[in-house]
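Chemist: Take a look at the following structure, please.
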Amino acid sequence: MGQSDGPRGTTGSGAGSGQSSGRSTRCIALIGPFLSGKTTLLEAILARTGGVLRAGSVAEKTSVGDASPEARAHDMSVALNIADVNFLEDTFTFIDCPGSIEFQYEGAAALTACDAAVVVSEPDPKRVPSLQVILKQLEDRGIPHLLFLNKIDTCKTPIRDIIPALQPASSKPLVLRQIPIWENGAATGFIDLALERAFLFRKNAPSEMVEIKASDIEQEKEARFHMLEQLADYDDALMEKLLSDLPPEKDLVFGDLSREFEDGLICPVLLGSAENGNGILRLLKAIRHEVPFVSTTAKRLKIENAKSAAYVMKTLYTGHGGKLSIARVLTGDLPDGATVSGGEAVEERIAGLFSLKGEDTQKRTLAHAGDTVALGRLDHVRTGDTLTAEKSGIVQIAGAEVPEPVLASGIGLKDRKDEVKLSSALAKLIEEDPSLVLEHNGETHQVLLKGQGEMHLRVAFERLQRKYGVVVERQKRQVPYKETIRKSTEIRGRHKKQSGGHGQFGDVVLSISPQPRGTGFTFNETITGGVVPRQFIPSVEIGVSDYMKTGPLGFPVVDVSVTLTDGSFHTVDSSDMAFRQAGRLAMSEGMPKCQPVLLEPIMAVDIAVPSEATARVNGMISQRRGQILGFDTRAGWPGWDVVSAHIPEADIGDLIVELRSATSGVGTYKAKFHHLAELTGRLADQVLVSHRDAAE
């Protein structure tokens with residue numbers, strides 16, 4: 001880390017050849033809030049290391065990453081972007097992860113096997129909630145990470161105010177490694193506090209080392225001393241030097257920075273501008289000197305003793321190459337053609353081994369520990385699997401938890417002939433993105449695709465059409481209404497039919513009564529004297545149950561008790577079918593007399609938001625006919641609340657869209673069915689009219 005910013009020290013982007021410099025490839029995730037500039041940073045890194053001739057532009061749609069039609073149509077990352085680079089004879093894999101919370105599982109799955117993460121953020125206190133979501137994930141999973149404050153050239157707030165404002169997002173100390181050099185209100189360079197050297201930015205070129213101006217010396221000494229104090233909290237030797245007013249050796253300082261970063265004790269902070277290529281070389285040198293190697297990552301994942309292990313970060317279906325499993329090799333070597341097994345313990349042969357740069361692939365013959373590669377056609381391997389070539393198999397690494405879906409959309413086919421095609425396409429889509437969930441709702445008979453938000457579902461439907469040629473219509477999710485009764489009645493149902501030969505005769509008397517909410521349906525009988533032969537009583541119950549599937553209002557009936565009290569039979573014409581029909585007839589005549597009433601599902605909802613948004617959430621709940629039950633602090637999340645409420649399922653709908661809008665994209669909720677409640681008046685009338693119109 002003691003090297004100065006000088007001419008480009010790269011050998012080009014030749015990692016795809018499978019050649020090794022003697023040390024394993026390190027894998028670094030670029031992660032951060034939406035629109036923070038991660039993909040632009042990847043472009044700047046590629047340009048600085050010779051991976052591309054010049055940096056592409058996200059705005060001009062010329063970047064290596066975000067090359068898919070969906071990403072370019074929506075001007076946002078919707079999937080991982082992966083590229084290998086060589087820098088000062090070391091090889092690195094950078095994984096650019098989507099910033100939107102709706103696509104964050106992409107990054108969460110990949111992070112499992114990364115050596116470290118660069119968290120990219122603007123120097124803006126408004127980013128604290130978004131940063132906290134990301135930093136907490138990294139802290140909880142023990143992944144070393146540093147913060148790269150991007151767009152420093154447009155920052156108008158003093159850095160001494162920015163860092164304390166961002167600190168609540170991190171449970172680890174934010175250790176400022178650089179301070180900006182200001183000129184005419186703009187950041188024109190930085191002073192490296194560890195090197196005690198100043199650098200002036202040059203657009204898309206390495207910074208120029210200059211003398212520290214006299215006017216900046218006092219600020220530099222103050223900022224450096226604060227950095228050293230933070231490091232000394234974890235190093236007694238450094239603390240003794242500071243207390244004795246002795247200048248610490250640079251080797252001690254750099255050693256502490258490296259060790260405390262690797263141990264996850266601190267979050268170092270670097271500055272730059274990805275768009276202008278500023279601060280890139282200093283960032284790369286920090287990564288080169290301080291990011292641990294794959295052996296440390298394998299130890300963190302408790303896989304260091306395995307002779308052969310690789311973790312699948314992502315599954316991808318391509319139009320020309322079929323299925324690809326993108327995996328990080330953690331231990332051992334992995335040759336093309338090797339036989340491996342994953343979570344299903346099914347042995348399969350790798351049919352192709354590739355390096356990646358954006359959407360481009362490059363054939364290779366061997367992957368070493370540390371390399372991130374694409375493996376061809378492993379049909380039984382899924383995202384999150386741990387692969388091994390060992391015959392005895394391997395213990396599976398615990399990966400990222402798949403988030404629960406928060407929005408659902410019905411799927412309608414424009415052409416019924418595409419049903420088989422749709423089924424296959426959905427299976428591939430969900431295998432590529434496990435944060436999508438397919439549900440066949442047995443109550444509404446609707447096929448639902450569930451995801452992490454509106455944009456997440458929109459992109460999924462666009463991929464269905466582009467990649468798999470299936471044109472579908474998005475439908476509004478149907479609410480599984482029920483109905484019940486308020487009054488009791490007794491009714492006779494007689495089924496009599498004579499058409500030559502044996503006729504049909506069944507005669508029953510049923511007592512129909514309401515039951516307490518949540519009891520369900522019960523059937524009883526009080527037959528005496530054999531007026532209904534015992535062998536026909538189960539058929540009566542079947543007939544009653546048949547009717548309960550669709551009551552007088554058109555919905556399934558619940559919380560009703562039916563008792564068979566009387567009836568009669570014919571020795572020749574009575575049959576199971578006749579008594580089944582009699583039971584159904586009695587219900588169809590009796591139920592409308594029992595004051596049927598509509599029931600709607602009420603969900604128990606826990607909404608997690610930053611505390612400043614709690615009041616707005618309370619308003620959302622009220623507007624959606626919800627009942628606020630209370631709120632509490634979110635465990636382990638300083639500055640966050642969890643609001644608990646009961647909300648009708650019909651009014652949850654696009655709650656997540658409004659919630660994200662009110663919380664800078666970070667609010668979320670969990671919902672589960674709680675109870676059924678009566679729905680009357682105008683809203684009930686609207687539901688009944690809509691249901692009848694749909695049935696016609």
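The values are calculated or read from the model by the stated rules, or taken from the named source; none is laboratory data. These numbers come from a predicted model, not from an experiment. Virtual Cβ from ideal backbone geometry, glycine too; neighbours counted across all protein chains shown. Just so you know, the surface numbers come from the protein's heavy atoms only, side chains and all, with ligands and any DNA or RNA stripped out. Shrake-Rupley method; radii C 1.70, N 1.55, O 1.52, S 1.80 Å.
Chemist: Among the strands (runs of 3 or more DSSP E) confined wholly to region 336-454, which include 3 or more residues that are more than 23 Å from the chain's Cα centre (by Cα) and buried (at least 16 other Cβ atoms within 10 Å of the Cβ)?
Modeler: 353-357
Chemist: Only one of (1) charged (D, E, K, R); (2) crowded, with 18+ Cβ neighbours inside 10 Å; (3) in contact with a Gly (Cβ under 9 Å, 6 or more places away or on another chain) fails for residue 124. Which number is that?
Modeler: Only one criterion in (1) charged (D, E, K, R); (2) crowded, with 18+ Cβ neighbours inside 10 Å; (3) in contact with a Gly (Cβ under 9 Å, 6 or more places away or on another chain) is unmet by residue 124, namely (3).
Chemist: Can you pull out every residue in region 422-480 that is closer than 21 Å to residue 77 by Cα and among the small types (Gly, Ala, Ser)?
Modeler: Selection gives 435, 451, 453, 460.
Chemist: OK, next. Residues that are within 26 Å of residue 134 (Cβ to Cβ) and assigned to a helix (DSSP H, G or I): does region 632-647 have at least one?
Modeler: Residues of region 632-647 within 26 Å of residue 134 (Cβ to Cβ): 632-644.
Next, only the ones that are assigned to a helix (DSSP H, G or I) stay: none.
Scanning region 632-647 turns up no residue that is within 26 Å of residue 134 (Cβ to Cβ) and assigned to a helix (DSSP H, G or I).
Chemist: Among the residues of region 479-505, which ones are modelled with pLDDT under 95 and either open to solvent by less than 20 Å² (accessible area, probe 1.4 Å) or outside any strand (DSSP E or B) (or both)?
Modeler: Result: 498, 499, 500, 501, 502, 503.
Chemist: Suppose we filter region 161-183 for residues that are over 28 Å from the mean Cα position of the chain (by Cα) and touching a residue at least 12 places away in the same chain (Cβ under 8 Å); how many remain? Please lay out each step first, then the result.
Modeler: Taking region 161-183 as the starting set, the residues that turn out to be over 28 Å from the mean Cα position of the chain (by Cα) are 161-164, 175-183.
When the remaining residues are screened for being touching a residue at least 12 places away in the same chain (Cβ under 8 Å), the result is 162-163, 175-181.
Total meeting the criteria: 9.
Chemist: Same structure, new question: Here are 609, 562: which of them is in contact with a Gly (Cβ under 8 Å, 6 or more places away or on another chain), open to solvent by less than 20 Å² (accessible area, probe 1.4 Å) and in a strand (DSSP E or B)?
Modeler: Working: 562 fails: in contact with a Gly (Cβ under 8 Å, 6 or more places away or on another chain).
Criteria check complete, one pass: 609.
Chemist: How many residues, within region 206-242, are open to solvent by 40 Å² or more (accessible area, probe 1.4 Å) and either acidic (Asp, Glu) or touching a residue at least 40 places away in the same chain (Cβ under 8 Å) (or both)?
Modeler: Selection size over region 206-242: 11.
Chemist: Still on this model: Out of the residues in region 514-559 meeting the condition of being part of a strand (DSSP E or B) and free of Cβ contacts under 8 Å to residues at least 60 places away in the same chain, tell me which one is farthest from the chain's Cα centre (by Cα).
Modeler: First pass over region 514-559, keeping only residues part of a strand (DSSP E or B): 514, 521-525, 557.
Filter once more, so that each one left must be free of Cβ contacts under 8 Å to residues at least 60 places away in the same chain: 521-525.
On the way: 521: 39, 522: 42, 523: 45, 524: 48, 525: 52 Å.
By that ranking, first place goes to 525.
Chemist: What are the residues in region 38-90 that are hydroxyl-bearing (Ser, Thr, Tyr) and either open to solvent by less than 30 Å² (accessible area, probe 1.4 Å) or in a loop (DSSP other than H, G, I, E, B) (or both), if any? Reasoning before the result, please.
Modeler: Within region 38-90, the first condition is being hydroxyl-bearing (Ser, Thr, Tyr), and the residues that meet it are 39-40, 49, 57, 62-63, 68, 77.
Those that are hydroxyl-bearing (Ser, Thr, Tyr) and either open to solvent by less than 30 Å² (accessible area, probe 1.4 Å) or in a loop (DSSP other than H, G, I, E, B) (or both): 39, 49, 57, 62, 63, 68, 77.
Chemist: Can I ask one more? Could you grab me the full set of residues in region 317-335 that are open to solvent by 30 Å² or more (accessible area, probe 1.4 Å) and either part of a strand (DSSP E or B) or within 13 Å of residue 26 (Cα to Cα) (or both)?
Modeler: If the condition is that a residue be open to solvent by 30 Å² or more (accessible area, probe 1.4 Å) and either part of a strand (DSSP E or B) or within 13 Å of residue 26 (Cα to Cα) (or both), then 317, 318, 335 are the ones that fit.
Chemist: Give all pairs with beta carbons closer than 9 Å in which a residue from region 569-584 that is within 11 Å of residue 533 (Cβ to Cβ) meets a residue that is of a type in the set (S, T, N, Q) and crowded, with 20+ Cβ neighbours inside 10 Å; count only pairs at least 6 apart in sequence or on separate chains.
Modeler: Once the first residue is within 11 Å of residue 533 (Cβ to Cβ) and sits in region 569-584, its partners that are of a type in the set (S, T, N, Q) and crowded, with 20+ Cβ neighbours inside 10 Å give 575/539; 576/539; 579/539.
Chemist: For a quick check of your reading of the model, give me the residue pairs whose first member lies in region 473-485 and is within 12 Å of residue 446 (Cβ to Cβ) and touching a residue at least 60 places away in the same chain (Cβ under 8 Å), whose second is open to solvent by 90 Å² or more (accessible area, probe 1.4 Å) and in a loop (DSSP other than H, G, I, E, B), with beta-carbon atoms closer than 6 Å and at least 6 apart or on different chains.
Modeler: Short answer, once both residue conditions are applied: 480/443.
Chemist: Mind listing just one residue for me: the one in region 91-106 that is outside any loop (DSSP other than H, G, I, E, B) and open to solvent by less than 10 Å² (accessible area, probe 1.4 Å) and, of those, farthest from residue 118 (Cα to Cα)?
Modeler: Keep residues of region 91-106 that are outside any loop (DSSP other than H, G, I, E, B), which gives 91-96, 101-106.
Restricting the remaining residues to those that are open to solvent by less than 10 Å² (accessible area, probe 1.4 Å) gives 92-96, 103.
Details: 92: 13, 93: 12, 94: 10, 95: 10, 96: 10, 103: 18 Å.
Among residues in region 91-106 that are outside any loop (DSSP other than H, G, I, E, B) and open to solvent by less than 10 Å² (accessible area, probe 1.4 Å), the one farthest from residue 118 (Cα to Cα) is 103.
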